[in-house]
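The values are calculated or read from the model by the stated rules, or taken from the named source; none is laboratory data. Note that the coordinates shown come from a computational prediction; the quantities given were computed from them, not determined experimentally. FYI the Cβ positions are ideal-geometry reconstructions off the backbone, even for glycines, and counts take in every protein chain you see.
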Amino acid sequence: MSRIWDISQTLRHGLPVWPGDTAYEADPHWVLDDGCPVNVGRFRLSTHSGTHADAPLHYDADGQGIAEVALDAYIGRCVLIDAVSATGRVRPVDIVAQLPERVERVLLRTFDVFPHERWVEDFTAVAAETIELIAARGARLIGIDSPSLDPQTSKTLDAHRAVRRNRMAILEGLVLDGVPAGHYELIAPPLKLDNLDASPVRALLRSI
């Protein structure tokens, strides 16, 4: 019997978001009572709220929006690599011993414990040369538990640009607590949001 891990953040009031970005809000629009047979809610959020997929449009003015990206990158075999010991940025030396010779999707754990209740400014990012390494091994997707592949203060977005050069997909804000490093099936397609730069996802890992 396969096991499933939900590696998504819960979208909720108080969800930490990138400084200055849209806070999550939700409220009832219709309320079940004597005059209404159903509850219907509404919500407002950033496309980068919680666990999300970046579209090329996020970092390339001519890139695809999230509704246009190929979904096969977000579904299939992956390897989860423990990079908690990395400092500042995950570099090739931090992961190469755990990286298979051929791989389709790579997930990186950088937090000992995911910070659900607070924003961490000095999160661990990913070096561009690490993107090039996993791309050379065949990776079509990189995922990470931090909120971005690049540091919060980056203006050059070197890791995102390396992803673009290699036509890879991105998942950010994964929750990887309690999931052992190793091989899994990833299931994390984005919503079909027209002409938008990202989408929240319900990311799952299934044992194989």
Within segment 68-114, can you find the residues that are of a type in the set (S, T, Y) and under 20 Å from H160 (Cβ atoms)? Y74, T110
Are any residues in segment 101-128 over 20 Å from D6 (Cβ atoms), surrounded by 15 or more Cβ atoms within 10 Å (Cβ to Cβ) and not hydrophobic (A, V, I, L, M, F, W, C), and if so, which ones? E104, T124
At least 1 residues that are at pLDDT 95 or above and touching a helix residue (DSSP H, G or I) at 6+ places or on another chain (Cβ under 7 Å) in each: list the strands (runs of 3 or more DSSP E) lying fully within segment 1-104 that qualify. 52-54, 75-82
Residues that are closer than 30 Å to D145 by Cα and surrounded by fewer than 11 Cβ atoms within 10 Å (Cβ to Cβ), drawn from segment 26-46: D27, G41, R42
Please determine, by comparing only the residues of segment 1-24 that are among the polar types (S, T, N, Q) and surrounded by 15 or more Cβ atoms within 10 Å (Cβ to Cβ), which one is nearest to L80 (Cα to Cα). S8
Filtering segment 11-28 for residues that are farther than 12 Å from W119 by Cα and touching a residue at least 60 places away in the same chain (Cβ under 8 Å) leaves a count of 1
Subset of segment 139-168 (residues that are hydrophobic (A, V, I, L, M, F, W, C) and either assigned to a helix (DSSP H, G or I) or at pLDDT below 95 (or both)): A159, A162, V163
Take L45 and tell me if it is in contact with a strand residue (DSSP E or B) (Cβ under 9 Å, 6 or more places away or on another chain) and touching a residue at least 24 places away in the same chain (Cβ under 8 Å). yes
